[in-house]
Amino acid sequence: MDDEGEPLSGGDRAAGFDVAWLREGVEVRRPLRNVVEVAFEEVMPVREFSSYQGQLHFPGLYWAATMLRHVGFESWLERDHAISMDFDPCVAGFSSQPFWLFWTSAEGGRLSHAPDYFVRRADGSAVVVDCRPEGRRKPRDLAKFAGTQAACEAVGWDYRLVGEIDRVRVANLRWLAGFRHPRFGGDGLTEAVEAAFAVPGPLVGQAAQVGDPIRVLPVVFHLLWCGRLGTDLSRPLGDHSLVCQVEG
């Protein structure tokens, strides 16, 4: 048991790793094996998302429909992955810069790393995510990613090092994310729109059967975002995209 009476888990492989995160604005630091039950998908970032004139990356806040709150990002790549996680029905929640991980390298050097995201899946499992384009993964960064992966494996978390998302898919997700807010599904048209696409048909043509496309299309895009309608996101989304109702 730890000093707060929490059970230990993760075995010896977790030894040597410490985790620090914020609890009500105060930093808490514990051995990795003692923090498996912490809801890191709900914690505040351990780093600020600063901006300054001339910086080469683009930080900001993304409003996640999954949790109905903002999540920070430090680059457009991180933002795109936040959109992708928000779109994923298997994701129950996620946070950015959730904790600092500390450990000692095989050469005796002290290392630390704050992963980009902690994701809680709907089945309760967890995945830690780092975002870095393949061409920008320097040896020192790779050593930190490898250490983070080892830490995650020690406590039963998955680890993913991700790069650029397919350009067509991410363009489609960016567009649909513009309709992610629940207000786009509250125009009294939801059932009529779903019924219209019970037989697969072209996006705009089928929407026009329900009513004025200017009013109907935002509902269609919202239902595509929510997964209640489906289409092939590997192809550019357009007027003639084949859309269908998704069962269940």
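The values are calculated or read from the model by the stated rules, or taken from the named source; none is laboratory data. This structure is a prediction, so every number in the text was calculated from the model and none was measured. Glycine also receives a Cβ, built like all others from the backbone with ideal geometry; neighbour counts cover every protein chain displayed. Surface accessibility is based on the protein's heavy atoms, side chains included, excluding ligands, DNA and RNA. Shrake-Rupley method; radii C 1.70, N 1.55, O 1.52, S 1.80 Å.
Worth pointing out:
- Solvent-accessible area per residue in the stretch 140-237 equals 51 Å², computed with a 1.4 angstrom probe and all protein chains kept.
- Long-range tail of P(r) for the stretch 48-157 (Cα pairs > 22 Å, %): 38
- Computed over neighbours whose Cβ is under 14 Å from that of residue 127, the net charge equals -4, Lys and Arg +1, Asp and Glu -1.
- 3J(HN,Hα) couplings calculated from phi for the stretch 167-176 with the Karplus curve 6.51 cos²θ - 1.76 cosθ + 1.60 (θ = phi - 60°) are, in sequence order, 4, 5, 4, 5, 5, 5, 5, 4, 5, 5 Hz; Gly and Pro show x.
- Interchain or long-range residues, amide H under 5 Å from residue 44's placed H: 22
- Local electrostatic count at residue 143 - Lys and Arg +1, Asp and Glu -1, tallied over other residues with Cβ under 14 Å: +3
- All-pairs Cα distance distribution in the stretch 72-126, expressed in whole percent, bin size 10 Å: 22, 40, 26, 12, 0
- Looking at the stretch 95-170 alone, DSSP beta bridges between its own residues are antiparallel in about 65 percent of cases.
- Gyration tensor (Cα) of the stretch 114-186, equivalent ellipsoid semi-axes in angstrom: 29, 19, 8
- Stokes-Einstein D (µm²/s) once Rh is taken as the Kirkwood radius of the chain over alpha-carbon pairs, at 10 °C in 1.306 mPa s: 79
- Centre separation in Å (Cα based) which lies between the stretch 68-88 and the stretch 90-142: 15
- In this structure, the amide hydrogen of residue 71, modeled 1.01 Å from its nitrogen in the peptide plane, lies closer than 5 angstrom to those of 62, 63, 64, counting only residues at least 5 positions away or on a different chain.
- Additional length obtainable on full extension of the chain from residue 76 to residue 146, 0.36 nm per residue less Cα span: 22.9 nm
- Of the solvent-accessible surface of the chain, computed with a 1.4 Å probe over protein heavy atoms with every protein chain present, carbon and sulfur atoms account for 52 percent.
- In the chain, the DSSP beta bridges split such that about 85 percent are antiparallel, to the nearest 5.
- For the chain, calculated [θ]222 nm from helices alone, where every DSSP H run of n ≥ 4 adds -39500 (n - 2.57): -8000 deg cm²/dmol
- The chain: angle of helix 139-154 to the longest principal axis, Cα-based, in degrees nearest 10: 90
- Cβ-based net charge around residue 230, under 12 Å, with every Lys or Arg adding one and every Asp or Glu removing one: -2
- Each residue of the stretch 73-84 was assigned a 3J(HN,Hα) from its phi angle through the Karplus curve 6.51 cos²θ - 1.76 cosθ + 1.60 (θ = phi - 60°); the sequence is 9, 10, 7, 5, 4, 4, 4, 4, 6, 5, 4, 4 Hz, with glycine and proline shown as x.
- Residue-normalised accessible area of the stretch 33-124, given per residue in Å² at a 1.4 Å probe: 49
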